[in-house]
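Read through the structure below, which is laid out as structure tokens, and then see the notes.
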Amino acid sequence: MMHLTTVVGARPQFIKAAAVSRAVREIFSPEITERIIHTGQHYDHEMSEVFFEELQLPRPEVNLAVGSHSHGKQTALMISLLEKEFLTNPPDAVLVYGDTNSTLAGALAASKLHIPVIHVEAGMRSYDKSMPEEINRVLSDHVSTLLFTPTETGMRNLKKEGLVHHRGAFHDPDHPVIYHCGDVMYDNCLHFQALAEERSRILEEYGLEPGRYHLATLHRAQNTDDPARLTNLFTALLEITHASGKKTIVPLHPRTSSLLRKSVPDPLLKALMAGECILATPVAYFDMLVLEKNAHLILTDSGGVQKEAYFFGKPCIILRAETEWKEITATRSAILADADPKKIRKAYQRFESSPALSFPPIFGDGHAASFICRTMLDCLG
């Protein structure tokens, strides 16, 4: 029996963890037990609790309740508390997801105790180390024993950094095991989309018609912490809303909502508050799936939302200068526009003038979670 500890702390990790935890419960329960630790990085109901409820994710056995702090203090608190947990309840392996401070803290705390680290969504690179997420994902990869990457590009990135698949019987961070497995978020999208359509009332709540609105999300510090970038982005959203005659709904991360009210010029804020864009509260996972599936176009700085736009065959304007998901931009179904209103308008016009897009199957077959569980047992069980 493998005793697995999973560390989660932020919305994207709850979604990814749901797929693997479901595979553990439904297929691998005779061989794997899972203990979930929630760091408390995302802690309010809209950003945390609702995801456990909807995704049928097992309740965490421990919530570290770390909350919001600077990157250094938050990560240090997590490492200290996770180390204590790992010593009190030693796991056979620690599973981390993605690129948040919770990811890095889990990977560092486990690796220094010589506990194998399993990193799901390994190998993704923006090649921009000004992003905290880039630092988190690179460091986590390099202390991991078992790495699962969702794309071929991820495999190439790992190989370039010297992380080559080790074929021997013994595995540790110096002799890692690397697999291209597909994307667990795609697993979830396939599993939950019908249920989301049945249960969500988000379109009725905001008076949205399928295909007659845009969806936008903004949360990355690079965009939200810079008043000029934040102003440019919301100016562009308003311009597209006016030019298209379609509504734009913006589910606001609590931090983005607070900074928006402090940072943008009063005339822009008044226009936004007047309802020219729909500034919504954070939405649950099912609501987000329905918004994505029925949008005309999606604008985002979120890596996860870029992928979900692709899963649903939607054009996407990426509000960053780079992306980890280079396969998406290679299909021309997504365009990098940064925080430049001119580039955002140009991207929108291109999608409107050339609506035919291609979405080849680059994220696996919807069974990544089962592959991950089987491989964990084969390599570390």
Could you tell me whether segment 232-252 includes any residue that is among the charged types (D, E, K, R) and within 25 Å of His71 (Cα to Cα)? no
Would you check which residues across segment 201-225 are assigned to a strand (DSSP E or B) and not small (Gly, Ala, Ser) and list them? Tyr213, His214, Leu215, Thr217
Among the residues that make up segment 156-173, is at least one of them within 17 Å of Gln13 (Cβ to Cβ) and either in contact (Cβ under 8 Å) with a residue 24 or more places away in the chain or in the same structural domain as His69 (by TED's automatic domain parsing) (or both)? no
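Do we find a residue being acidic (Asp, Glu) and either closer than 20 Å to Pro341 by Cα or buried (at least 22 other Cβ atoms within 10 Å of the Cβ) (or both) anywhere in segment 165-172?
Checked segment 165-172: no residue is acidic (Asp, Glu) and either closer than 20 Å to Pro341 by Cα or buried (at least 22 other Cβ atoms within 10 Å of the Cβ) (or both).
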Given His180, His119, which one is buried (at least 23 other Cβ atoms within 10 Å of the Cβ) and in contact with a helix residue (DSSP H, G or I) (Cβ under 6 Å, 6 or more places away or on another chain)? His119
Those residues of segment 226-254 which are in a helix (DSSP H, G or I), without any contact (Cβ under 8 Å) to a residue 60 or more places away in the chain and under 21 Å from Met288 (Cβ atoms), in sequence order: Phe234, Thr241
Name, by its number, the condition in (1) farther than 18 Å from Val117 by Cα; (2) modelled with pLDDT of 95 or more that does not hold for Lys84. (1)
Give me a count of the residues in segment 256-267 that are part of a helix (DSSP H, G or I) and either surrounded by fewer than 18 Cβ atoms within 10 Å (Cβ to Cβ) or among the small types (Gly, Ala, Ser) (or both). 7
Being touching a Gly at 6+ places or on another chain (Cβ under 6 Å) and surrounded by 23 or more Cβ atoms within 10 Å (Cβ to Cβ) is the filter here; which residues of segment 187-220 pass it? Asp187
Let me spell it out: the conditions are (1) at pLDDT 95 or above; (2) in a helix (DSSP H, G or I); (3) within 25 Å of Met131 (Cβ to Cβ), and Gln349 meets all of them except one. Which number is the exception? (3)
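The values are calculated or read from the model by the stated rules, or taken from the named source; none is laboratory data. No experiment lies behind these values; they were computed from the predicted model shown. Neighbour counts are summed over all protein chains in view; Cβ atoms, including those assigned to glycine, are modelled from backbone coordinates with ideal geometry.
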